[in-house]
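Working notes for the structure below.
The values are calculated or read from the model by the stated rules, or taken from the named source; none is laboratory data. What you see is a predicted model, and the numbers here were worked out from it, not measured in a lab. Here the Cβ positions follow ideal geometry from the backbone for every residue, glycine too, while neighbour counts run over all protein chains shown. When the accessible area is computed, the model is the full protein with side chains, heavy atoms only, and any ligands, DNA or RNA have been set aside. Shrake-Rupley method; radii C 1.70, N 1.55, O 1.52, S 1.80 Å.
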Amino acid sequence: MCPSRAAQTTSPLALAPFSAHYVQAPARFLPLLGRAFDGLVPWERMGYVHRVPVLPPRPPRGVTVRWILPADAQAIAALRPESAWIHASWGGPEGLAASGHGWAAFARGRVLALACTYFRGSAYEDVACLTVPEHRRQRLALACVSALRQDIAARGHTPGHRPSTT
């Protein structure tokens, strides 16, 4: 079925099971989504396309960029509730912390930025990243993504990207 035809023929009731999820859809679906859900909040995201090799940025003094360890689950859980999407595909903060598929920028035990494999396939790994609002524009997510990309390549996979709020 043609996607624009699908937007015209799908009933709002049929979308009810998705009420607690994020939905990525073309603009032509916005009227249908608006009828189906009480709260529709656009999510502004930015994508990073790796075209040429770049040196990873140096974090500011007092910030350490490192591989996420199982002991970091509490620091990940302390992120704002709207950041929970970053660990949702791992089953929560504990799953992400134990996965071996994430890097974060830490200061005083707090996560300032985080990059992780969001979806993992047999050849590709979809990369997601976020930075807490008060630490944006310091290139912390880029430092985390750079380290994660090296891990993904070492596993013989190709990194992709999931645009973020960084």
*asked:* On the basis of being open to solvent by 20 Å² or more (accessible area, probe 1.4 Å) and closer than 21 Å to residue 53 by Cα, does residue 149 make the cut?
replied: yes
*residue 112 being more than 11 Å from the chain's Cα centre (by Cα) and either modelled with pLDDT of 90 or more or within 22 Å of residue 57 (Cα to Cα) (or both)*: yes
*What tally of residues in the stretch 125-134 results from selecting those that are touching a helix residue (DSSP H, G or I) at 6+ places or on another chain (Cβ under 9 Å) and more than 19 Å from residue 91 (Cα to Cα)?*
2
_Subset of the stretch 98-117 (residues that are closer than 18 Å to residue 85 by Cα and out of contact with any helix residue (DSSP H, G or I) (no Cβ under 8 Å at 6 or more places or on another chain))_ = 99, 100
*Can you tell me which residue in the stretch 4-28 is farthest from residue 142 (Cα to Cα), limited to those that are modelled with pLDDT under 70, small (Gly, Ala, Ser) and assigned to a loop (DSSP other than H, G, I, E, B)?*
19
_Looking only at the stretch 29-74, and only at residues there that are outside any loop (DSSP other than H, G, I, E, B), within 16 Å of residue 144 (Cα to Cα) and modelled with pLDDT of 80 or more, the one that is least open to solvent (accessible area, probe 1.4 Å)_ = 72
_Can you pull out every residue in the stretch 92-145 that is of a type in the set (A, V, I, L, M), part of a strand (DSSP E or B) and either without any contact (Cβ under 8 Å) to a residue 12 or more places away in the chain or surrounded by 17 or more Cβ atoms within 10 Å (Cβ to Cβ) (or both)?_
104, 105, 111, 112, 113, 114, 115, 127, 128, 130
